[in-house]
Amino acid sequence: MKSLGRKAEGARLERMRASPRWAGDGFRNVNPIPAGLRDTTAPRPTISDFLCGGARRVPRGPLPSVNPAEGWRTPAGSGLRATWLGHSTVLIEIDGLRVLTDPVWGPRASPSRLAGPKRFQPVPIALRALPPVDLVVLSHDHYDHLDYPTIRELATHSRVPFVTSLGVGAHLEAFGIAPERITELDWWETHTLPGAELAVTAAPSQHFSGRGLKDRNATLWSSMVIRTPKHAVFFSGDTGLTTEYAAIRERLGPFDLVMLEVGGRHPSWGDMHLGPENALKALALLGGGAFLPVHWGTFNLAMHAWDQPAESLLELSPRAGAQLVMPRLGEPVEPAHAEGVEPWWRVVDSPSLESKPDAPTTLPEAMPWPLD
């Protein structure tokens, strides 16, 4: 199956093995994981739970969204603007350049088009309708972040370069991206975009990787810092709460915009995903900044209600002193000019809308958890 990608070999594999994060047969989280993040008494959801359990795990209707094309026609007055396009896909406009994070336009977070977590919210703009993108940043190789149909489209219809974590370039090449378009980074390594004052630095995260049953941790996972002389943006990718965020603040901060994952958490894998409460703790470790939550509102990847991340953040952020930025899907927002949060997502679960769940899909019994 082409969507599984390809394992690293040759010089790429040798470079991976030289990483301080390589542990003989794969990468590992080298920093001690804080106690209590994972509830060892909580049973992991079964396939049946995932397919049929939980309440309100998808919205009753489409979420409010905006076609961002009109807003993109006017340059960002502050020099920094972000457009959340769903899940962890964000178009960042930073001092005249455009950076796209973890682009996912495909219908499922899965190797198959017939099974696996199905998108419940379309992207508010077609991939081919995007303005010219200067750089794609990929955090890691999970299906809800590295999407085969999207990469195939970018391979065919653009020449945009990619910056990603060690080993992920093998997947990109298998999907049709030319080697000269790919830069792979270990943590704390930096790539500067040729001919531009824009640098991307891979930084620590606390997660794992894999696209099949036999390649767990075969590639690295990273957070990413995008910086110009005037602005800096932090993108978490996927991560649990880690004290390494303090080191990121010291070495790469401060940040004008912080994009942290908030959805997909379950107590049994609470060390691999943040969730709202730990996202606010991570924000504090990073030194603050305008906080744009990502990794929610698109795929059903855990047992919590689809809007639980948003509602929890709305409740907790004032007490944490966080500057929460939660635009509608496709709504360009400048962090410097962001106003208070309007809970736009609440209109979706109106009693007048009827839920139309998909028919149950079949997944292999050996599917590892969590999926991302």
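The values are calculated or read from the model by the stated rules, or taken from the named source; none is laboratory data. Note that the structure is predicted; figures quoted are calculated from it, not measured. Methodologically, a virtual Cβ is constructed for each residue, glycine included, from the backbone with ideal geometry; neighbour enumeration extends over all protein chains shown. These accessible areas exclude ligands, DNA and RNA; they are computed on the full protein's heavy atoms, side chains included. Shrake-Rupley method; radii C 1.70, N 1.55, O 1.52, S 1.80 Å.
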Check: region 132-234 dipole with +1 on Lys, Arg Cβ and -1 on Asp, Glu Cβ, in debye: 80
In nm, spacing of pseudo-spin labels at residue 281 and residue 35 (7 Å Cα→C-beta vector): 1.3
Beta bridges per DSSP with both ends in the chain, % antiparallel, nearest 5: 60
Charge dipole (the chain, unit charges on Cβ, about Cα centre) - positive-most of 124, 85, 150: 150
Stokes-Einstein D (µm²/s) once Rh is taken as the Kirkwood radius of the chain over alpha-carbon pairs, at 10 °C in 1.306 mPa s: 77
Within the chain: Cβ-based charge dipole about Cα centre, in debye rounded to nearest 20 (Lys, Arg +1; Asp, Glu -1): 640
Simple spin-label estimate for residue 157 and residue 28 in nanometres, 7 Å along Cα-Cβ: 4.4
Which of 306, 188 is most accessible, then next, and so on - probe 1.4 Å: 188, 306
Cβ-placed point charges (K, R +1; D, E -1), dipole of region 15-157 about Cα centre in debye, nearest 20: 360
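Can you give the helix-only mean residue ellipticity at 222 nm for the chain, where every DSSP H stretch with n ≥ 4 adds -39500 (n - 2.57) and the sum goes over all residues, rounded to the nearest 500 deg cm²/dmol? Show your work: numbers first, answer last.
Values: 8 runs with 68 residues, N = 372.
Dividing the helical sum by the residues of the chain leaves -5000 deg cm²/dmol.
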163, 133, ranked by accessible area, largest first (probe 1.4 Å): 133, 163
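Holding the Cα-Cα limit at 32 Å, pick out from 214/281; 7/281; 118/281 the pairs that are longer than that.
Values: 214/281 34 Å; 7/281 35 Å; 118/281 30 Å.
Distance filter (> 32 Å) returns 214/281; 7/281.
In nm, what is the difference between 0.36 nm times the number of residues separating residue 336 and residue 18 and their Cα-Cα distance? Can you show the working numbers first?
Values: separation 318, 0.36 × 318 = 114.48 nm, distance 4.09 nm.
Extending this stretch completely gives an extra 110.4 nm.
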Beta bridges per DSSP with both ends in region 144-255, % antiparallel, nearest 5: 75
Largest-first ordering by accessible area, 1.4 Å probe, given options 47, 33, 248: 33, 47, 248
Inter-centroid distance (Cα atoms) of region 1-28 relative to region 261-294, Å: 27
Whole-Å distance, taken between Cα centres, linking region 79-96 and region 176-199: 18
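Report the calculated FRET efficiency for residue 128 and residue 78 (r = Cβ-Cβ distance, R0 = 30 Å), to the nearest 0.05. Working shown, then result.
Numbers: r = 28 Å, r/R0 = 0.94.
So, using R0 = 30 Å, E works out to roughly 0.60.
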Label point 7 Å beyond Cα of residue 347 along Cβ direction - residues of region 303-329 with amide nitrogen under 15 Å: 327-329
Computed FRET value (nearest 0.05) for residue 46 with residue 4, which takes r as the C-beta separation and R₀ as 25 Å: 0.55
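Calculate, for residue 56 and residue 320, the FRET efficiency according to 1/(1 + (r/R0)^6) with r their C-beta to C-beta distance and R0 41 Å; round to the nearest 0.05. Present the calculation step by step, with values, prior to reporting the outcome.
On the way: r = 25 Å, r/R0 = 0.61.
For residue 56 and residue 320, the calculated efficiency is 0.95.
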